[in-house]
1. Express in Å², to the nearest 10, the accessible area of Glu2 obtained by rolling a 1.4 Å probe over the protein heavy atoms while all chains stay in place.
2. Could you work out the Kirkwood radius for region 23-97, taking every pair of different alpha carbons, averaging 1/r and inverting it, reported in Å?
Amino acid sequence: REALKSLKRLEIGLEGYVATNLNMVQLQKQSQSADQNVKARFKELYMDYVTSAFGGDLDALRKEETIDDEGLEMLVYALETGTQSFTEADQKMIVGD
């Protein structure tokens, strides 16, 4: 009986401090969602910047007869990989998170 009272006091005292597995999973999902949001926003900003800065060159490549749709897709993919040179902290700072 004393053990139950002690356990109940401990439970009440730790209320708000102990996270359940469900709480941890929810927090992890929220964090992952926020990270994905930052990455998506950063990718959009990065691609806008790249296409603005190199717009003339990209347009000339697009108009060349030697580049087909597959080559154009590879070029876009290559440009997108540039986002990987930035750390998560850099991306958060740039997008303002």
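1. 120 Å²
2. Every distinct Cα pair counted, the radius reaches 14.2 Å.
The values are calculated or read from the model by the stated rules, or taken from the named source; none is laboratory data. Everything quoted here is computed from the prediction, not taken from an experiment. Accessible surface areas use protein heavy atoms only, side chains included; no ligands, DNA or RNA. Shrake-Rupley method; radii C 1.70, N 1.55, O 1.52, S 1.80 Å.
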